[in-house]
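**Student:** Structure provided below as structure tokens; questions to follow.
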Amino acid sequence: MKYFALILFLTFNLVFAQQKLNFVQYHFVKSNGYTADQRNDYLFFDDKEKYYLNFKMKKDHSLYQFDDLLKSDFQNVSKDMMLNKKSNSSNYFEYKWHFKLPNSYITSDTLDYKWILEDGNKEILGYNCKKATAQFRGRTWIVWYAPEIASSFGPWKLDGLPGLILEARDENSLLTFVATEIHTNSNYNLPQFVSEFFTLRDKATSYERYITIENNALKETEKEIKASFPIGTQFLDRDLREDLLEKSFEWDVD
């Protein structure tokens, strides 16, 4: 799997599929109050399906922009995650990777969470947006969606509202997604390598199994970091997944 992903990574090019898609660029920020990590994420969607991609920074520490996706040379792109979901399904297929793991994974994840429609309006990129909230895997998400754009999709796994989600943040503003560019009924299409990658969905690992593997890798990393400090150093007691999008899961046992 790792070798196959590497081949896709090195041959990333703009050979498009036949069907045209809408496109949104989201600016993602993860902030702990002291430092902030950021990147640009990309949503391609039509009325049947979504593909969500994210990339880390370039080698010069600048962010990838949409124009970068239109270039043919993607050898230096550092792929973090790819996600695919059909509009008539609650099942997500996702490419997952962690530097401590010997292999990358295609995972299968089924979601079931409920949105609460709230009072409030906000303009984003010229669209009048409405507010909604939901509890999802250890976080309360506050989002703004545009009913004018007839799509139930949004950034990452935040879907299911009567309009495209253009902004999302958790209640503590630790994690934020904000749309910075949008093209509806555009001439842009999905890079072929992305759809081809998800032909491997029949080999998907269950998400619960992957999270167990990931948590073990996180524990190993935490142990190594603590071991690098002088003996007797006191550490704050903090959740292993505190800075991650998903803190807890429906299968967790107290």
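**Student:** Looking at the stretch 123-136 only, could you name the residues that are in a strand (DSSP E or B) and either touching a Leu at 6+ places or on another chain (Cβ under 7 Å) or open to solvent by 50 Å² or more (accessible area, probe 1.4 Å) (or both)?
**Tutor:** GLU123, ILE124, TYR127, ASN128, CYS129, LYS130, LYS131, ALA132, GLN135
**Student:** Being surrounded by fewer than 22 Cβ atoms within 10 Å (Cβ to Cβ) and part of a strand (DSSP E or B) is the filter here; which residues of the stretch 137-148 pass it?
**Tutor:** Applying the first criterion (surrounded by fewer than 22 Cβ atoms within 10 Å (Cβ to Cβ)) to the stretch 137-148 yields 137-140, 142, 147-148.
Of everything in the stretch 137-148, those that are surrounded by fewer than 22 Cβ atoms within 10 Å (Cβ to Cβ) and part of a strand (DSSP E or B) turn out to be ARG139, THR140, ILE142.
**Student:** Would it be correct to say that GLU208 is farther than 20 Å from ASN91 by Cβ and under 26 Å from the mean Cα position of the chain (by Cα)? Step through it out loud before you land on a result.
**Tutor:** Numbers: farther than 20 Å from ASN91 by Cβ: no; under 26 Å from the mean Cα position of the chain (by Cα): yes.
Against the criterion (farther than 20 Å from ASN91 by Cβ and under 26 Å from the mean Cα position of the chain (by Cα)), GLU208 does not qualify.
**Student:** Right, here's the next one. Determine, yes or no, whether ASP243 is without any contact (Cβ under 8 Å) to a residue 12 or more places away in the chain, open to solvent by 30 Å² or more (accessible area, probe 1.4 Å) and of a type outside the set (A, V, I, L, M, F, W, C).
**Tutor:** Criteria not met by ASP243.
**Student:** Restricting to the stretch 193-215, name every residue that is exposed (fewer than 14 other Cβ atoms within 10 Å of the Cβ), of a type in the set (S, T, N, Q) and at pLDDT below 80.
**Tutor:** THR199
**Student:** When the residues of the stretch 216-238 are filtered to those that are over 19 Å from TRP97 (Cβ atoms) and among the hydrophobic types (A, V, I, L, M, F, W, C), which remaining residue is most open to solvent (accessible area, probe 1.4 Å)?
**Tutor:** ILE231
**Student:** Looking at (1) modelled with pLDDT of 85 or more; (2) within 25 Å of THR199 (Cβ to Cβ); (3) among the polar types (S, T, N, Q), find the lone condition where ASN54 falls short.
**Tutor:** If we test ASN54 against (1) modelled with pLDDT of 85 or more; (2) within 25 Å of THR199 (Cβ to Cβ); (3) among the polar types (S, T, N, Q), just (1) comes out false.
**Student:** Let me ask something else about it. Being farther than 20 Å from GLY163 by Cα, open to solvent by 80 Å² or more (accessible area, probe 1.4 Å) and modelled with pLDDT of 70 or more: is that true of ASP109 here?
**Tutor:** no
**Student:** Within the stretch 161-192, can you find the residues that are surrounded by 19 or more Cβ atoms within 10 Å (Cβ to Cβ) and outside any strand (DSSP E or B)?
**Tutor:** Those that are surrounded by 19 or more Cβ atoms within 10 Å (Cβ to Cβ) and outside any strand (DSSP E or B): LEU161, GLY163.
**Student:** Which pairs turn up if I take residues in the stretch 171-187 that are aromatic (Phe, Trp, Tyr) and look for partners that are surrounded by 13 or more Cβ atoms within 10 Å (Cβ to Cβ) with beta carbon separation below 6 Å, at least 6 apart in sequence or on another chain?
**Tutor:** Qualifying pairs under 6 Å: PHE177/TYR26; PHE177/PHE28; PHE177/PRO155; PHE177/ALA168.
The values are calculated or read from the model by the stated rules, or taken from the named source; none is laboratory data. Remember, it's a predicted structure, so these values are computed and weren't measured experimentally. So basically every Cβ, Gly included, is an ideal-geometry build from the backbone, and we count neighbours across all protein chains shown. The protein model used for the area step is the full one, side chains on, heavy atoms only, and it has no ligands, DNA or RNA in it. Shrake-Rupley method; radii C 1.70, N 1.55, O 1.52, S 1.80 Å.
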